[in-house]
């Protein structure tokens, strides 16, 4: 009886061991089985693709004039306020003219004095001219000595020089009077254009500095609000894509539901660098975009704007979802059969041909297998990228998930397409 129990126990242990061996073998065999990657797909289709460069900046008037006085003094009249519309020639500032009136009167007196001196010098000159002519006649008749003739000549030349000097003094006095008149006129400033006072920096009674002495005080800005533009900063990598005449769709933060059309009309030839010498160094180029029909919008200088500049449009081109294109290292076969001059196979060429190089690829799904197909891409928009070679219309390409495309998939990977699940997830996410 004890022997029977012992045999039974041995049988049970042997069965358990065999079961364990079978289980381990199944795990090992199952582990060697290639996993199936769940993907989503889309068809290669023909679409119209518009390439867009996005940049941000501010709305500014295209025609803007900073008003600074040409003469210094106290503001005694400031008949405008910020936001007021003005017309060309309208008086917008008056500076106390007392000093400039005194300078004008002084210059006028100086001119009168110079004119009187000129008349006296001319009389002396005319007299000496007549005396010298008579002396020449008498000398010719031997009725005057050589010494007297030389004396008359000297007097003539002295009075002539005095007369020329008096005339120069008159010219100088006239110039000084012109400057005084001009400075007096400049105490009254007129608007140089039709527009609106967008900035008013000075107040009545404030003393301002004229531009004749230094930079001058900027009293106000006048802008033509009918010619507005967007001034945006475009990254150096994108500015090469932008050209004068490109259409731009502008989004102003103050009007989130409005799309405003603009045309690129100026691109800076030199960039502006910020954060130089640091990891945050950025070089941008100023691009000016003329706003079409600005009167239809209540735009104000300084408003934040985002510009989507349409740099290129290709119609009816093959395209795939932009996330479908990724980079993989594929073996390069070119040059693998290059021969030496003696006819022998070049081993170095073979080695070069077998090296892997990174290429842009799209995974095409056929019979449950993903094949990495090298492609050449053209322009792209926010959703799709143009494919110029490598694919044909109607082919099924992997468009998701991001992890599958960027990491998991390789040439020959087995896949299972679950587009309905992707649609359901997108619907739930939306």
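The values are calculated or read from the model by the stated rules, or taken from the named source; none is laboratory data. Only a predicted model underlies this, so the values are computations on that prediction, with no experimental measurement involved. Virtual Cβ from ideal backbone geometry, glycine too; neighbours counted across all protein chains shown.
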* Checking residue 201 against (1) outside the structural domain of residue 111 (by TED's automatic domain parsing); (2) farther than 19 Å from residue 98 by Cβ; (3) in contact with a helix residue (DSSP H, G or I) (Cβ under 9 Å, 6 or more places away or on another chain), which test does it fail? -> (3)
* To do: May I ask you to list the residues in region 306-331 that are within 20 Å of residue 245 (Cβ to Cβ) and not in a strand (DSSP E or B)?
  => none
* To do: Would you be able to say whether some residue in region 265-275 is modelled with pLDDT under 90 and at positive phi?
  => yes
* Could we say that residue 235 is farther than 30 Å from residue 94 by Cα and either at pLDDT below 95 or surrounded by fewer than 17 Cβ atoms within 10 Å (Cβ to Cβ) (or both) here? -> yes
* To do: Starting from residues that are part of a loop (DSSP other than H, G, I, E, B) and under 13 Å from the mean Cα position of the chain (by Cα), keep the ones in region 238-263 and report whichever is surrounded by the most Cβ atoms within 10 Å (Cβ to Cβ).
  => 242
* Structure fact -> (1) loosely packed, with under 11 Cβ neighbours inside 10 Å; (2) out of contact with any helix residue (DSSP H, G or I) (no Cβ under 6 Å at 6 or more places or on another chain); (3) modelled with pLDDT under 90 all hold for residue 419 apart from (1)
* Just checking, which of 353, 335 is touching a helix residue (DSSP H, G or I) at 6+ places or on another chain (Cβ under 7 Å), surrounded by 11 or more Cβ atoms within 10 Å (Cβ to Cβ) and modelled with pLDDT under 90? -> 335
* To do: For region 97-111, state whether one or more residues are part of a strand (DSSP E or B), closer than 30 Å to residue 220 by Cβ and in contact (Cβ under 8 Å) with a residue 60 or more places away in the chain.
  => no
* Residue that is assigned by TED's automatic domain parsing to the domain that holds residue 377 and surrounded by 16 or more Cβ atoms within 10 Å (Cβ to Cβ), where the choices are 321, 301, 294 -> 321
* Only listed residue being over 30 Å from residue 120 (Cβ atoms) and not assigned by TED's automatic domain parsing to the domain that holds residue 309, chosen from 208, 170, 240, 234 -> 208
* Structure fact -> In region 135-186, residues that are part of a helix (DSSP H, G or I) and without any contact (Cβ under 8 Å) to a residue 40 or more places away in the chain total 29
* Could you please give the count of residues in region 200-232 that are in a loop (DSSP other than H, G, I, E, B) and either over 18 Å from residue 186 (Cβ atoms) or at pLDDT 90 or above (or both)? => 11
* To do: May I ask you to say which residue of 81, 86, 76, 59 is within 30 Å of residue 205 (Cβ to Cβ), surrounded by 14 or more Cβ atoms within 10 Å (Cβ to Cβ) and under 39 Å from the mean Cα position of the chain (by Cα)?
  => 86
* If we keep just the residues of region 381-392 that are surrounded by fewer than 17 Cβ atoms within 10 Å (Cβ to Cβ) and more than 19 Å from residue 419 (Cα to Cα), which is modelled with the lowest pLDDT? -> 382
* To do: Confirm whether residue 74 is assigned to a strand (DSSP E or B) and within 30 Å of residue 245 (Cβ to Cβ).
  => no
